[in-house]
Amino acid sequence: MLEVKNLKVSFKTPNGLVEAVKNCSFTLAKGESLGIVGESGSGKSVTSLAIMRLHNAANTLVSGETLLNNTDILRLPEDQMRAIRGNRIAMIFQEPMTSLNPVLTCGNQVTEAIRLHLGVNQKEARLRVIKLFNEVQLPQPEAIFDSYPHELSGGQKQRIMIAMALSCDPEILIADEPTTALDVTVQKTIIELLQGLQAERNMSLIFISHDLGVVKEIADQVMVMYQGEVVEEATSKAIFTNPRHPYTRGLLACRPSPEFHLKRLPVVADFLDDTEQTGSTIEKIRSQNAYKPGEIAAHRQSLYKQQAILKINELCTWFPIGGGMLGKHKKNIKAVNGVSFDVFPGETLGLVGESGCGKSTLGRSILRLIEPTSGDISFENTDLRKLGKKDMRHMRRDIQIIFQDPYSSLNPRLTVGDSLMEPLQVHELFENNTKRKQRVLELLERVNLPPEYFNRYPHEFSGGQRQRIVIARALALQPKFIICDESVSALDVSVQAQVLNLLRELQQEFKLTYIFISHDLSVIKHISDRVMVMNKGEIVETGDPDEIYFRPKNEYTKKLIDSIPKS
């Protein structure tokens with residue numbers, strides 16, 4: 001059905017041409033699923049955008065052939081391509097919030113494609129859209145038709161994008177990272193939905209992801225891309241049982257595996273640096289990084305002999321909703337409801353749950369970035385809720401937070417150096433800016449970033465590099481306690497492994513204590529000494545990571561674990 005031959009994509013830059021895709025070739029049969037995997041910048045999305053001809057022609061050079069039923073669509077006039085785009089080949093984009101128009105209702109955005117390609121009236125288009133919303137299992141489709149994107153959850157917005165892509169019954173569907181940063185339960189639902197729709201419509205599917213576990217669930221064939229080139233292509237079974245290229249082996253190994261207890265996660269470089277061709281295997285590298293028998297038990301025993309550094313007792317954070325008579329609210333959203341736990345010095349306490357369960361609210365309530373409704377927060381025997389603003393600001397030297405999105409938590413107008421110096425200036429640490437700059441350069445080096453990055457701006461860095469900058473900023477004040485709020489959720493698995501290794505190294509070096517918040521149980525199990533599972537504002541289960549993962553007691557925990565893709 002689709003044959004791509006020697007596809008090349010280059011971008012014009014002030015420093016010359018940059019080759020993003022180099023001689024990419026593959027075929028896609030009717031009803032087949034092709035998984036394209038690789039890190040950010042490997043050329044996956046650029047390849048899919050080239051097939052759809054969605055690049056800016058002014059600064060992009062595309063060559064090669066893209067044959068759709070033997071017609072080279074790269075050479076069609078734009079009006080003929082417009083008839084194919086969205087009609088015969090459709091695409092689900094990576095970020096639904098930025099792909100949906102915020103000022104149009106969801107229903108109107110889907111009817112637009114139907115009316116344009118199928119030439120039906122508004123009434124018939126509405127009926128088709130409501131049928132599609134039912135097909136993608138959206139609740140109350142009539143209400144959602146008239147809803148705006150900001151009124152829906154991430155999973156619901158993704159279903160709107162799927163409905164839009166399916167609206168003209170395409171022959172080929174390109175799904176570009178459709179489950180990245182979604183909860184494992186929502187991710188599982190989206191994968192099952194795509195599989196069901198594909199089988200029902202006998203549709204061909206190109207599924208792009210950096211997560212091999214997700215690709216294994218959905219793809220018949222897998223193509224691995226690295227630095228713009230296809231380095232390996234085989235059946236899904238062959239890729240996962242006998243990966244041949246070092247990069248593929250690296251991608252498979254760097255995802256945290258619940259079966260292993262590793263001090264350090266393998267990274268892609270471990271495999272690519274195998275210059276002596278000794279054939280580094282996943283098993284070999286894992287065995288080199290494994291804990292010795294009894295090492296974990298001894299570590300945890302020493303942790304829990306100490307006095308707790310943080311004590312939370314019956315903490316509640318409620319948000320009033322509904323404007324009743326005389327401004328009185330009608331009810332509360334109980335984001336955090338009666339939560340109690342202790343954290344011990346040097347411990348990593350994992351906090352896991354779906355989006356909306358109250359994890360981030362709990363983390364921010366501890367720091368009083370959100371004021372709790374009731375309950376006690378005791379840090380080193382100081383009641384944080386009784387502190388005034390000035391004393392609380394001083395206390396935040398010891399308790400820091402790494403936010404989920406490093407880009408939005410860095411000021412785009414400040415250089416990295418200025419962003420890292422700012423907390424040192426606010427808290428009047430060091431005698432002058434010369435000494436503060438020296439401290440910042442040391443921090444950059446510690447998170448494996450060169451000193452020349454001091455004068456660069458946030459937009460000049462990759463996601464993984466920005467996350468390292470935010471970690472360096474959290475370390476600037478030499479805190480005792482750090483709350484990591486979904487700090488690796490949107491990173492490639494390879495970059496995620498590097499950041500997790502860095503956090504563990506820093507913990508040992510600076511004697512840090514972490515609350516590590518995530519919706520990914522595999523990550524939580526790897527890094528945590530103890531795990532808490534949160535659902536609807538309450539802690540439903542607490543215990544040893546192995547106990548929680550392999551012998552969960554709560555039904556909600558079982559549901560979370562069942563949703564994890566098995567890589």
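The values are calculated or read from the model by the stated rules, or taken from the named source; none is laboratory data. Keep in mind the model is a prediction, meaning the values are calculated, not measured. Glycine gets a Cβ as well: all are built from the backbone with ideal geometry, and neighbour counts include every protein chain shown. Surface areas here come from the heavy atoms of the whole protein model, side chains and all, with no ligands, DNA or RNA. Shrake-Rupley method; radii C 1.70, N 1.55, O 1.52, S 1.80 Å.
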Inset, instruction - Pick out, from PHE403, SER236, CYS316, the residue whose Cα sits farthest towards the positive end of the charge dipole of the chain, with +1 on the Cβ of Lys and Arg and -1 on the Cβ of Asp and Glu. - result: CYS316
Inset, instruction - State, as an integer percentage, the relative contact order of the range 456-567 based on alpha-carbon contacts under 8 Å between residues 6 or more apart. - result: 19
Legend entry - Other-chain or far-sequence residues with amide H under 5 Å of VAL21's (modelled H): VAL9
Inset, instruction - Search the structure for amide H atoms under 5 Å from the amide H of THR105, placed 1.01 Å from N in the peptide plane, and list their residues when 5 or more places away or on another chain. - result: none
Legend entry - the range 1-111, accessible area per residue, ligands and nucleic acids excluded (1.4 Å, Å²): 46
Inset, instruction - Report the relative contact order of the range 284-441, percent, no decimals, based on alpha-carbon pairs under 8 angstrom and at least 6 residues apart. - result: 19
Legend entry - Only Lys, Arg (+1) and Asp, Glu (-1) charged, at Cβ; the chain dipole about Cα centre in debye: 1140
Legend entry - Entries of LYS331/LYS536; LYS263/LYS525; LYS188/LYS216; LYS292/LYS559 with Cα pairs more than 20 Å apart: LYS292/LYS559
Legend entry - In degrees, nearest ten, helix 493-510 long axis to first principal axis of the chain (Cα): 10
Legend entry - the chain - percent relative contact order, Cα under 8 Å, separation 6 or more: 14
Inset, instruction - Over the range 348-441, with every protein chain in place, what whole percent of the accessible area is carbon and sulfur at 1.4 Å, could you tell me? - result: 44
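In whole percent, how big is the carbon plus sulfur part of the accessible area of the range 475-545, probe 1.4 Å, protein atoms only?
44
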Inset, instruction - List the pair-distance distribution P(r) of the chain, using every Cα-Cα distance, as the percent of pairs falling in each 20 Å bin from 0 up to the bin containing the longest distance, rounded to whole percents. - result: 18, 51, 29, 2
Legend entry - Debye-sum result for the range 69-185 in log10 I(q)/I(0), which assumes one identical scatterer on each alpha carbon, at q = 0.09, 0.22 Å⁻¹: -0.25, -1.28
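Where does the range 380-471 land on Rg/Rh, using Cα atoms and the Kirkwood Rh?
Rounded to two decimals, Rg/Rh equals 1.01.
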Inset, instruction - Answer rounded, prolate or oblate for the range 437-492, using the Cα gyration tensor with square roots of eigenvalues a ≥ b ≥ c: rounded when a/c is under 1.5, else prolate when a/b is larger than b/c, else oblate. - result: oblate
Legend entry - Using distinct alpha-carbon pairs, which all enter the 1/r mean, Kirkwood radius of the range 133-243 in Å: 15.3
Legend entry - Surface per residue (accessible, 1.4 Å probe) for the range 227-302, Å²: 55
Legend entry - P(r) histogram, all alpha-carbon pairs of the range 20-129 included - 10 Å bins from 0, percent: 11, 36, 35, 16, 1
Legend entry - trypsin sites (Lys or Arg not before Pro) within the range 64-146: DSSP coil, no more than 11 neighbouring Cβ in 10 Å: none
Inset, instruction - State in Å² the accessible area per residue of the range 429-531; use a 1.4 Å probe, count heavy atoms of protein chains only, and round to the nearest integer. - result: 36
Legend entry - Tilt relative to the chain, helix 106-118 - C-alpha long axis, 0 to 90 degrees, to 10: 20
Legend entry - C-alpha long axis of helix 122-135 to longest principal axis of the chain, angle in °: 60
Legend entry - Percent of C-alpha pairs per 5 Å bin, the range 205-318, short to long: 2, 9, 16, 17, 14, 10, 8, 8, 7, 7, 3, 0
Legend entry - Normalised alpha carbon radius of gyration of the range 336-401 [divisor 2.2 N^0.38 Å]: 1.13
Inset, instruction - Give the longest segment of the chain that steers clear of GluC sites (Glu not before Pro) in DSSP loops with at most 11 neighbouring Cβ atoms within 10 Å, not counting the sites themselves. - result: 1-258
Inset, instruction - Apply the Debye scattering formula to the range 421-552, with a single equal point scatterer on each alpha-carbon and no solvent, then give log10 I(q)/I(0) at q = 0.22 Å⁻¹. - result: -1.37
Inset, instruction - On the protein heavy atoms, probe 1.4 angstrom, tell me the percent of accessible surface of the range 150-261 carried by carbon and sulfur. - result: 44
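Inverting the mean 1/r over all pairs of different Cα atoms, compute the Kirkwood radius of the range 193-260 and quote it in Å.
Over the range 193-260, the inverse of the mean reciprocal pair distance is 13.1 Å.
Counting other C-beta atoms within 10 Å, and keeping those with at most 13, which DSSP coil trypsin sites (Lys or Arg not before Pro) do you find in the range 445-554?
On the way: sites: ARG446, ARG456, ARG466, ARG468, ARG473, LYS480, ARG504, LYS511, LYS525, ARG530, LYS536, LYS553; in loops: ARG456, LYS480, LYS511, LYS536, LYS553.
Hits after loop and neighbour filter: LYS511, LYS553.
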